[in-house]
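Derivation of every value follows stated rules applied to the coordinates shown; laboratory data play no part. The model shown is predicted, which means the values in this text are computed figures rather than measured ones. All Cβ positions, glycine included, derive from the backbone under ideal geometry; neighbour counts span all protein chains shown.
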Amino acid sequence: MEAVDLSRRLADFSQVAGEVLRDVQDPTEQQIRHWIVNPFLSSLGWDPHDKRQVFLDFTTGNRKDPVDYALLSAEGRPRLFLEVRERTASVRDVGAVADRAKDAKVPLVVLTNGREFSLWFVSAEEAATPLFVLSLNDLADNSESLLGLTADYRLSDTGIHQLRRSAIRLAVLQMLEDNAEKTFDALVGWVQAQVAPGALDETTAQAIRDATMLWLTEEHLTLPPFSPSDGKRPSELRMTTPRDWEPFPHGPSGTFQYRYDSSKTLDLRQGAKEVREQMRVQGLRTPTATSFGGFYHALRARAGLTGK
C-alpha cells in the first residue's frame, strides 16, 4: 500500500467515524470497537474478522483480563496490542498494557478512545516510548508516517523500524522548526530528554539525520542566493491542514479557498511543487516538511483528482 492510497483510506475512515461520534454522543467501548476500531484496522489493510491477522480478547500468561486486540505477524506471533478505552479516557498514559506487552515481547501498543489514537514502542530494557498521538482527523495527514502499521508489513521489524524513524523524524523536524535560532543546543537537549544513555541506536540516529537533512533542505531556501523576495523562514509561516480548506465557490473542481481568509486560494490541479509554492507565497505551510504529501493528496482526493 502506498502513502497516497493509505491517505485516501484514512480520510474516508475519519469522515465516517466522525459522523458516528456526532450521532452517538456517548458510545460504549463495545461500540467504539465495532464502529471505529474495526474500520480503522480495515483502512490499514487488516481483516479484523481473520484470526490469523487479528486476535480478539487475547490473553497473556496467567492474566485473566484479555487485551482487546492483538495484531499478529505472518508467523502468527502477537506484535501489537490494541486497547480500547472509554470515550473520556486519556490515551496519553500507556498504563499496565505496556507491562503486558513487555511480558509477551510485543513491541507496539495502540490506545484509542475513538477520538484519539496513540502508538507506543515497548522494549525490554526501557519504559514504553510514545511514538504518535493523533486525533481522528489527523490520521490521513500522517499517512506517510503510519505505513509501518499497514498489513503489508505485518508488523515486521522493517515496519517497526519505519514507524520509529517516522516518529523521531517528525518530532525532530518540529523541534528544529520551533527552535530555528538554537538548532544544535535544541537537538542535543531533545536527544538527552528522549533517549536513555547508551540507547542512541541506529534507528534513532538515522531518523535524526533524516530530519536534519529535510529541515536544512527547507532552510537553504531562505539563504540570500535562494531566498524568495519576501524572505520568510519556514518557522514564520502559519501552519495549515486540509481541514482549513474548502472548495472554491463556483470554481473549477480542484480549487480551494482558506476557511479563515477567502483571499488565500490553492489550485490542486497543479503539481505538488507548484502547490507548495502557492502556500508559501500566502504565508502558509504544513506542520512539518514530511506532512505536505498527505496534505496535497488529501485535498486532491477530496476534489476527485487522484489518479489523474
Nonlocal amide H pairs with Thr59, under 5 Å, H built at 1.01 Å: Val67
Fully extended contour minus Cα-Cα distance, from Lys105 to Glu277, at 0.36 nm per residue: 57.3 nm
Sum of side-chain charges, Pro27 neighbourhood, beta-carbon under 12 Å (Lys, Arg +1; Asp, Glu -1): +1
Percent of beta bridges antiparallel (DSSP, segment 3-155, rounded to nearest 5): 80
Convex hull (Cα only) mean projected area of segment 237-302, reported in nm² to one decimal: 3.9
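If each residue of separation counts as 0.36 nm, what is the full-extension length gain between Gln270 and His34 once their alpha-carbon separation is subtracted?
Full extension of this stretch gives 81.0 nm more.
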Rg/Rh (Cα only; Kirkwood hydrodynamic radius) as it applies to segment 3-155: 0.94
Charge context of Gly148, other residues only, Cβ under 9 angstrom, K/R +1, D/E -1: +2
Potential lengthening between Ser90 and Ser262 on full extension [0.36 nm per residue; Cα-Cα distance subtracted]: 58.3 nm
Simple spin-label estimate for Asp12 and Ser73 in nanometres, 7 Å along Cα-Cβ: 3.1
